[in-house]
1. List the helices (runs of 4 or more DSSP H) inside the range 1-84, counting only whole elements, that have at least 2 residues being modelled with pLDDT of 50 or more.
2. Mind counting the residues in the range 411-439 that are hydroxyl-bearing (Ser, Thr, Tyr), in a strand (DSSP E or B) and either closer than 27 Å to Tyr532 by Cβ or in contact with a strand residue (DSSP E or B) (Cβ under 7 Å, 6 or more places away or on another chain) (or both)?
3. Name every residue in the range 320-334 that is closer than 22 Å to Gly295 by Cβ, surrounded by fewer than 22 Cβ atoms within 10 Å (Cβ to Cβ) and of a type outside the set (D, E, K, R), in order of residue number.
4. Identify, from the list Pro91, Pro105, the residue that is over 26 Å from Thr32 (Cα atoms) and not charged (D, E, K, R).
5. If Arg555 passes every condition in (1) within 16 Å of Leu468 (Cβ to Cβ); (2) in a loop (DSSP other than H, G, I, E, B); (3) among the charged types (D, E, K, R) but one, which one does it miss?
6. Starting from the range 22-42, keep only residues that are under 14 Å from Arg98 (Cα atoms), then list their pairs with residues that are in a helix (DSSP H, G or I) and modelled with pLDDT of 90 or more whose Cβ atoms are within a distance under 8 Å, requiring at least 6 positions of separation or different chains.
7. Across the range 206-255, what is the number of residues that are hydrophobic (A, V, I, L, M, F, W, C) and part of a helix (DSSP H, G or I)?
8. Among the residues of the range 205-237, count how many are open to solvent by less than 30 Å² (accessible area, probe 1.4 Å), under 12 Å from Asp287 (Cβ atoms) and over 33 Å from the mean Cα position of the chain (by Cα).
Amino acid sequence: MTQTSRSLRASVVTLLTWAASSTVLAAGATTTFRSLEAESGTLVNGARLVSLTAAPTTRFASPELEASGHAYVALTATGQEVWWTNTTGKPISFINLRASIPDAPAGGGITATLNLYVNGVFRQRLNLNSRQSWLYEGAEYQASDQNPARGRPRAFFDEASAFVVGEPIGPGSTFSLKRDADNTAAFYNIDVIDVENPPPPLPQPANSISITSCGAVADTAPTNGAGNPQARDSTAAIQNCLNQAQAQRKTLWVPPGIFYLKGSDGLVGHGVTIEGAGMWYSTIYRDVPLPYTRGGLGALFQLTSATVRNLHLDSNARSREPVDGAGGAMDITGTNWLAEKLWTQHVLSGFWASGTGGVVRDNRLTSIWADGCNLNNVSMGATVGNHLTATNNFVRGTGDDAMAINSVNYNDTGSGRVFYTAMANATLSNNTLIGAWNGKGLGIYGGSGHRVTDNHVADTARYIGLGLGRFGVNGSDLHSTRVTGNRVERAGGNGFDQGQPALQIGNGGDGQNVGVVDDLYVAGNTVVGALYDGIGFSAASNVVLEQNTVVAPWRNGIVVQPPFYPAPSGSARITANAVQTLGNGAQPFINNSGGFRATLSQNSWQLGRSAGAFRSQPISLPGTLQAANYDNGGATVGYSVLSLNGSASSYRPDGVDLEQTSDEGGGYNVGWTGSGQWFRYTVNVPSAGNYTASFRVASPSGAPRALHLADASGRSLGGDIDVPATGGWQTWTTVTATVRLAAGPQVLTVFQDAPGWNLRRIMFAPR
């Protein structure tokens, strides 16, 4: 079929697509790096996959619960290894590893190395530590004690990064993490590795003052969870230069190196621009004497109407408590401020931000003790938080909400209550929020006119993935907010033994069943693999819930008044939603409230749409999965496409995106690919293990990151698949990936992440 005829046919008919999948799979941040989960790698010499296989029965943590993807690979013996292939199409010169090694017997952490191999040859030792992980709760839930004797540990993982020594890892090369005899930790739990090829350091900008001109001295010793005692304190020098830059209306320049703030003082500025050479090169490191006994700590940066970009911010904090050195990275307010391209780690909060017209964008926040990014109306003594934006940020591993809109109504002070103006018109868009281990993935707490779109929220350990309501008795009510195109994966949790939903709408989300939540539009979102209920309602009124998809929740689909979330009153119009892949005894929709009025229409459970294997027979693997043999059930159940195409209705009544192939052996292929489309297949696998998946593909011009294969929980099984240019729609080639399949009947989904290619079949063979 020609390119021209494809374009004509693609515009013939538009489907009713409940899942609004054209936006769902575009959810999340566009980053300079690619994250490779350990479970997508190849396990060698007894390396073991550990994953969450059932909803937690306790409120307390486990490593698999806190891991991204709720899974990790354990290296517990010499010679064990996990390896990946560089499929990025680019060289890899920088890696960032999220992993866990043991605590010291008495607490306080240890240091150890883990070896990196490239194409089977040793390349370098990576420095890891557990100084900034391993807290213990004991019987006091959510405590931040570092004494192992208390028991019930949490905060297992930390992140460490390094430039690759020698030549970068080339496209197509293999690389691995291997435990050798010189790697002395008792275990290495590998969660995920980020790989990238950073640009060179930025030069000093024109009309700027370098902090070194005021006496700041760069240190070169790696921090590895603690500061260098011999490093020079540059606090006064940097503040002096900042004052000069502010007075002279120049930019403050932070060159490559690690510059220390020793003590409790932060950096204060108004209307100034601060720039570094890049988040991989210019570091400001806060080194607080521990234990810190002088009360609370201000933020590293305390700014008004400022611009900050291209820096790495870090500290030696060991928990969210002041005694352990916890202060924020950036408190900011004022008008039209900007924080961009910052990498922030090991601080109390990444951004605590208020004012009018501020923007937080293109940042990376990893291993944060409390909130990643909190947009509010109280930071730095402000009383407003209007037209604030957080977009294209990557946040992973927070000890509270990864991201939040936090509108405060009042705070009690020693002299009475201080009231604030309710927030208005905040925007959270295209953020990736992963692995909040002690908070929500995304919390929307009060205010009005907010837009929350195209965010990717995944792997909360204890609490709601995406919550809409108000925060406690002193929070603002929530009105007129739109939540669209977000993807919530493997979220919810058993915090406070509540079995919290993945997406929750209404007041009461934080133990306070008070306040008004109304006029909400929640549409086109996808909730995959919820640990308990997919979507829950507590008290809220005038809610529109439409064109959302809930896939494979571990409890029920959509529930009014789930446990611990009372809905004595409220109303919602629930229209054209799809709930699929339910477990035994689970229900697509339940209303447990006699006072909540839910008006239902055109939902999948009302229309009788149900999934099922094509021709009622699961595809047996190892073997061949024909692309045309996707599951029955129709749109949003067996498949989701953007328009009706295809010319093979003689093979399947829907004929969606199918055409006869001229490939050897004949049959049919799936074509008319488009970003956001997907096809689902029911298979049966006798034995769990690693399999080689061979994708038979064709593409005139090629399609990088064209597709990925996922299990029923939405977890990618083999990473992103690149389709090469073959020269034509019916000129075929084969590309391969290693996938790990569970045993037994299961559902696999082929997600189309880019257009411009055809798929005929996938052959699975044991490795």
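1. 63-66
2. Total satisfying the criteria: 3.
3. Pro322, Val323
4. Exactly one residue qualifies, and that residue is Pro105.
5. (1)
6. Ser35/Ser68; Glu37/Ser68; Glu37/Gly69; Glu39/Gly69
7. Final tally of qualifying residues: 9.
8. Of the residues in that region, 3 qualify.
The values are calculated or read from the model by the stated rules, or taken from the named source; none is laboratory data. Only a predicted model underlies this, so the values are computations on that prediction, with no experimental measurement involved. Backbone-built Cβ (ideal geometry, glycine too); neighbour counts: all protein chains shown. The protein model used for the area step is the full one, side chains on, heavy atoms only, and it has no ligands, DNA or RNA in it. Shrake-Rupley method; radii C 1.70, N 1.55, O 1.52, S 1.80 Å.
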